[in-house]
Amino acid sequence: MNMHSSLRGKLVGVLFILGATTVSIAAAQVTDAPLTAGAAIQRIIAATGATPPPNTVDTIKAGDPNTPVTGIVTTFLDTYQVLQQAVAGGKNLIITHEPTFYNHPDDMTVLGDDPVQAEKLAYIQKHHLVVWRFHDTWHLRHPDGILEGVIEEFGWKPYQSSSDPHLFTLPPTTVAQLSATLRARAGSRLIRVVGDPQMPVTHVALLPGASGLKMQVKVLERDDVQVLVAGEAAEWETVEYARDAAAQGRHKALILLGHEVSEEAGMQYCAQWLKEIFPGMPVEFIKAGEPFWMPDPQPAAK
């Protein structure tokens, strides 16, 4: 090998090393680029393995998707107080299961020029928050993310049916005992019950949220369901159906936990799940809390 060939080889080697270093630096720059809200949302959707349905409500309700994420908050519903807690904790991607602006599609024209709605939006904009709803796709995940979290909270996994995730065979109890247990495990102030409190129970169905009259009644019609545990129901619909069924001597009862109480654990579970998807990213569950409270009994006025 002559001197020129040797020099040429060394030069090629140096250029190769420099080129590899350049590629390595470029890759590091891509890796170190801040995670935007839009990119985080796409990663979450992909991780569910589900496809959002047409006209999904799982959209950004307020904020810029290009905003770098400083931390993630999950919640059943992004109340004004939840937003304030998120800001105080330095987290700006808010993942809410239910609507931000008081109606299912978050259509702000429904209330028009409303001061409460306007102030909530202004707060989100002032603090550069990004609010994204995670409803349809979280339910479509297998297993359903909300149902999975609620089952974990209730401790019902060992009793779950292998053929239908909404059905459970519990150790013998009564409607009253079951209601008290659920209230304690969910930390609820108030749940409502229809039916005989002393009725024996082993077979229970669980439908968190607002599943509607047809689904709730179809479940109560089943021979292998004695009690339906649900989130909420219109008082002239499933509530009265359950009352009539009990009056007819049918072995049926209805326990309404409240929409928030019946689904909040699913968003706590979501926070645990997201920590695996975003290692190193601050992720926090903030409890919205049930909106209702019970007044203390007062003596009747004389």
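On full extension, the segment bounded by residue 202 and residue 189 gains 2.2 nm, given 0.36 nm per residue less the C-alpha separation. The length gained on full extension between residue 39 and residue 111, counted as 0.36 nm times the residue separation minus their Cα-Cα distance, comes to 22.8 nm.
Express the Stokes-Einstein translational diffusion coefficient of the chain in µm² s⁻¹, to the nearest whole number, given a Kirkwood radius over alpha-carbon pairs, 10 °C and a viscosity of 1.306 mPa s. Approximately 71 µm²/s, per Stokes-Einstein. Taking the DSSP beta bridges with both ends in segment 152-259, the antiparallel portion is around 55 percent.
From most to least packed by mean Cβ count within 10 Å, the peptides 124-135, 47-58, 190-201 give 124-135, 190-201, 47-58. Spin-label model, residue 174 to residue 103: label points 7 Å out along the Cα-to-beta-carbon direction sit 4.6 nm apart. Each of residue 213 and residue 136 was given a label point 7 Å from its Cα along the Cα-to-Cβ line. The distance between the two points is 2.5 nm. The angle between the Cα long axis of helix 145-154 and the longest principal axis of the Cα atoms of the chain comes to about 60 degrees, rounded to the nearest 10. Taking the centroid of alpha carbons for each part, segment 231-302 and segment 138-161 are 15 Å apart.
In the chain, the DSSP-assigned H stretches of four residues or longer account for a calculated mean residue ellipticity at 222 nm of -13500 deg cm²/dmol, using -39500 (n - 2.57) per stretch and the full residue count as denominator. Cross-link pairs exceeding 19 Å between alpha carbons, from the set 214/252; 61/120; 126/287; 214/287; 91/126; 91/120: 126/287; 214/287.
Throughout, read-outs are computed from the coordinates displayed, never taken from laboratory work. Small disclaimer: the values here were computed from a predicted structure and weren't measured. We place every Cβ from the backbone using ideal geometry, glycine too, and count neighbours over all the protein chains shown.
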